[in-house]
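The structure appears below as structure tokens.
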Amino acid sequence: MNGHDVRKMIAEGRLNRRDFGRLLASAGLATVSLPIAAGHAAAARPTYFTWAGYEDPDLFPGYMEKYKEGPEISLFADEQEALSKLRAGFSADVAHPCSEQIARWREAGVLKQIDTGRLSHWPDLFESLRAITGDADGGPQWFVPIDWGSASIVYRTDLVENPEESWQLLWDERYSGRLAIGEQSTDTMRIAGLVAGVPKENLFDMSDAEIAQVAEALRKQRPLLRFYWSDNTTMEQALASGEIVASSAWNSSYVALKQQGVPVAYMQPKEGILTWCCGVVVTAAATNLDAAYDLIDAMIAPDAGQQMITKLGYGHSNRKTFDMVGEQELADRGLPKDPTDFLAAGVFSRENKRLADLEQMFSEVKGGF
Amino acid sequence: MSPPGLASLQALVQRSDALRGYLLLSPMLVFMFVMVVVPAAALVVLSFWTQKGFEFDMGLTLANYARIFALSGRGIGEALADPSSLFANPIYVSVLFRSVVMSLTVTVLVILLAYPMAYFLAFRLRRGKLLWLILITVPFWTSYLLRVFAWKVILGFNGVINSSLIALGLTDKPLEFLLYNPVAVTITLTHAWVAFAVLPIYVSLEKIDRSLLDAATDLGDGAFARFMRVTLPLSLPGTIAAALLVFIPTVGDYVAPTLVGGTSGIMIGNVIQSLFGKTNNAPLGAAVSIVTMLSVTLLVGLFLAGVGRLRKRAV
């Protein structure tokens with residue numbers, strides 16, 4: 001009984017009550033079941049919870065090839081906030097925190113162990129990065145490394161003349177009102193710690209006196225700042241327009257500004273450059289494991305890594321990626337061929353034992369106290 | 001046909017006016033109970049707990065409130081004997097104070113801007129009132145977030161105002177004091193809430209019986225005296241409603257301060273948001289929220305009482 005038949009039957013008055021009832025019932029059934037079927041189809045897409053900038057499908061080309069349709073993307077600007085959201089029941093399948101967060105996230109019960117056997121590219125990853133388990137050394141794996149890089153000061157070479165290679169530039173009163181620093185505490189606490197003279201080995205487990213020292217440094221800095229940046233776009237635009245002359249930044253901002261032709265330089269602070277490694281985790285609430293593992297495997301593939309280096313300027317966790325990228329391209333981005341020494345030479349981001357107290361202190365400083 | 005129980009219920013409903021009224025209200029009452037009363041009660045309970053890592057310690061304690069008012073180590077009586085000491089650990093109380101001051105400024109500015117607009121609509125226009133009303137609501141067709149962001153573009157370093165000033169040769173360097181301070185927050189909030197204030201003021205102006213104005217003129221009042229003695233008092237209910245409509249939500253706003261407030265324009269909403277998110281101390285966040293709500297309620301109560309007394313005296 002197709003549409004044409006029905007119309008004819010109605011026109012000729014041949015549609016009896018039973019036929020009509022059957023028609024209505026099937027229409028009703030279709031209406032009721034359609035959202036269920038649609039919901040089911042939508043559920044087949046895994047949710048990827050990540051930083052802004054990483055939603056680019058070029059960063060997981062293998063996945064796009066297989067599924068045609070990208071994962072659902074949800075963005076966060078701060079890992080603490082991301083954790084709160086996950087704990088409050090937000091259902092993501094794959095999330096993208098950095099290495100120092102993993103133990104915290106695992107203890108908060110939002111992670112699932114990674115089955116590295118399901119990742120075809122796992123053996124090609126740098127050993128030093130695979131060693132970041134998110135657990136005790138040699139413990140089970142909770143983390144798949146993806147991207148790594150550094151954080152330092154990006155400054156305008158035309159507006160800041162021959163600065164000393166030091167984090168002190170972000171405290172320099174000559175540039176009062178034209179400086180910025182990140183709002184997220186992972187980097188800012190390390191920077192303020194280095195400036196306040198906290199010994200490097202104490203940076204991730206400061207004493208109360210050292211926290212007070214850091215607070216003092218941040219208090220001194222606050223009136224000199226134009227703003228605390230929470231997204232790199234705002235900060236990059238402000239640097240490009242000359243509204244600010246120097247800011248803490250990741251190397252991607254330097255690459256982006258350089259590509260726009262803005263005269264900027266990336267500092268090698270004498271107190272130590274910050275280094276980090278981020279990657280993905282599978283959440284405890286993940287329902288879509290097959291697609292989640294396909295997504296992760298696509299992210300650690302060399303073709304994804306090549307895009308990561310070219311577009312974002314960050315390093316990649318797959319050794320084979322570096323056979324696909326030219327020496328010059330790496331040099332332009334300040335990236336070595338192997339992260340092991342590079343990351344260890346800087347102040348590598350580790351789990352901060354006093355994070356809660358530092359966050360509390362930082363929010364008070366930001367409030368003006 | 002219906003069973004006897006149902007029939008008697010039907011009869012009861014038909015007989016009792018009150019019951020019928022509640023029945024009509026019931027969808028709203030249920031909604032309000034689930035979406036407002038229950039969460040508010042949960043917030044109150046939460047504010048007496050403490051955060052232990054990722055878990056809550058559910059033992060009831062006043063510690064969060066003590067922290068807000070810097071009571072730790074002192075009794076409440078002792079603290080009240082010297083009220084100024086309540087501001088000794090200033091973070092929460094003084095950010096709250098700053099937010100209230102900013103909101104009051106915004107409210108006054110909004111009323112000053114909205115009243116003439118509403119007056120124009122109610123008294124000067126003969127035709128096309130609907131068109132004007134729609135035009136006033138046009139800014140509301142874009143989201144709040146975008147309107148706030150637009151101010152960032154207008155006030156920015158190379159934004160509309162600075163570019164124009166430089167193009168006109170009035171200044172050679174962009175003005176930096178426009179953005180990222182409490183003034184920017186005040187401007188943004190004022191613009192964002194003006195249209196909300198126009199409507200209630202317009203309605204109460206529109207309702208004024210025109211013959212009263214004629215009578216005032218006949219009895220010798222000039223335009224100004226007529227406004228002060230007839231128009232303003234009669235439009236007060238709408239104006240008060242508008243003031244409350246603007247003041248109450250702006251105290252807790254955190255979007256505008258985040259985008260245009262910079263390092264000095266932080267408001268209590270930002271502090272609460274950070275406590276629930278980054279700082280991971282939901283119970284303290286709940287306590288700060290409750291102190292904020294109670295302060296706003298107290299201020300509104302004082303304001304209404306003051307207005308009530310003024311009106312009584314006027315009568």
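The values are calculated or read from the model by the stated rules, or taken from the named source; none is laboratory data. This is a predicted model, so every value here is computed, not measured. When we count neighbours, we look across all protein chains shown, and the Cβ atoms used for this are built from the backbone with ideal geometry, even at glycine. For accessibility, only protein heavy atoms count, side chains too; no ligands or nucleic acids. Shrake-Rupley method; radii C 1.70, N 1.55, O 1.52, S 1.80 Å.
Looking across region B:162-183, the residues that are surrounded by 15 or more Cβ atoms within 10 Å (Cβ to Cβ), aliphatic (A, V, I, L, M) and over 27 Å from residue A:367 (Cβ atoms) come down to B:165, B:166. Taking residues in region A:251-272 that are without any contact (Cβ under 8 Å) to a residue 24 or more places away in the chain, and partners anywhere that are open to solvent by less than 10 Å² (accessible area, probe 1.4 Å), not one pair has Cβ atoms closer than 6 Å while being at least 6 places apart or on different chains.
Restricted to region B:196-315, the set of helices (runs of 4 or more DSSP H) holding at least 2 residues that are of a type in the set (Gly, Ala, Ser) comprises B:210-218, B:223-226, B:232-251, B:268-276, B:282-314.
The set of residues in region B:133-160 that are under 24 Å from residue B:203 (Cα atoms), over 22 Å from the mean Cα position of the chain (by Cα) and buried (at least 17 other Cβ atoms within 10 Å of the Cβ) is empty.
Restricting A:138, A:134, A:117 to those that are open to solvent by 40 Å² or more (accessible area, probe 1.4 Å), in a loop (DSSP other than H, G, I, E, B) and either away from chain B (no Cβ under 14 Å) or in contact with a Phe, Trp or Tyr (Cβ under 7 Å, 6 or more places away or on another chain) (or both) reduces the list to A:138.
Being polar (S, T, N, Q), crowded, with 21+ Cβ neighbours inside 10 Å, within 13 Å of chain B (Cβ to nearest Cβ) and assigned to a helix (DSSP H, G or I) is the requirement here; does residue A:188 meet it? If you could, list the steps in order and put the result at the bottom.
Working: polar (S, T, N, Q): yes; crowded, with 21+ Cβ neighbours inside 10 Å: yes; within 13 Å of chain B (Cβ to nearest Cβ): yes; assigned to a helix (DSSP H, G or I): yes.
Judged against the criteria, residue A:188 is a match.
Selection of region A:226-243 for residues being at the interface with chain B (Cβ under 8 Å from one of its Cβ atoms), within 21 Å of residue A:263 (Cα to Cα) and either open to solvent by less than 10 Å² (accessible area, probe 1.4 Å) or outside any helix (DSSP H, G or I) (or both) yields A:226, A:238, A:242, A:243.
With respect to being of a type outside the set (Asp, Glu), on the phi < 0 side of the Ramachandran plot and either within 14 Å of chain B (Cβ to nearest Cβ) or out of contact with any helix residue (DSSP H, G or I) (no Cβ under 6 Å at 6 or more places or on another chain) (or both), residue A:182 fits the description.
One line per residue, one yes/no per condition, for (1) assigned to a helix (DSSP H, G or I); (2) farther than 15 Å from residue A:281 by Cα; (3) without any contact (Cβ under 8 Å) to a residue 60 or more places away in the chain; (4) open to solvent by less than 30 Å² (accessible area, probe 1.4 Å):
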residue: A:82; (1), (2), (3), (4): yes, no, yes, yes
residue: A:148; (1), (2), (3), (4): no, yes, no, yes
residue: A:163; (1), (2), (3), (4): no, yes, no, yes
residue: A:168; (1), (2), (3), (4): yes, yes, yes, no
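Out of A:246, A:256, A:284, report the one residue that is more than 14 Å from chain B (Cβ to nearest Cβ) and within 29 Å of residue A:317 (Cα to Cα). It is A:256. Of the numbered criteria (1) open to solvent by 10 Å² or more (accessible area, probe 1.4 Å); (2) modelled with pLDDT of 90 or more; (3) part of a loop (DSSP other than H, G, I, E, B); (4) more than 12 Å from chain B (Cβ to nearest Cβ), the one residue A:109 fails is (4). Taking first residues from region A:48-73 that are under 15 Å from residue A:292 (Cβ atoms) and partners that are part of a loop (DSSP other than H, G, I, E, B), the Cβ contacts under 6 Å between residues at least 6 apart in sequence or on separate chains come to A:48/A:71; A:49/A:92; A:50/A:96; A:62/A:301; A:71/A:45; A:71/A:46; A:72/A:45; A:73/A:55. Within region B:213-224, the residues that satisfy the criterion of being open to solvent by 80 Å² or more (accessible area, probe 1.4 Å) and of a type outside the set (D, E, K, R) are B:219, B:224. With respect to the stated conditions, residue A:92 fails to be within 14 Å of chain B (Cβ to nearest Cβ), under 26 Å from residue A:349 (Cβ atoms) and either in contact with a Ser or Thr (Cβ under 6 Å, 6 or more places away or on another chain) or free of Cβ contacts under 8 Å to residues at least 24 places away in the same chain (or both).
Annotation note: of A:296, A:273, A:300, the sole residue that is among the β-branched types (Val, Ile, Thr) and either open to solvent by 10 Å² or more (accessible area, probe 1.4 Å) or within 14 Å of chain B (Cβ to nearest Cβ) (or both) is A:273.
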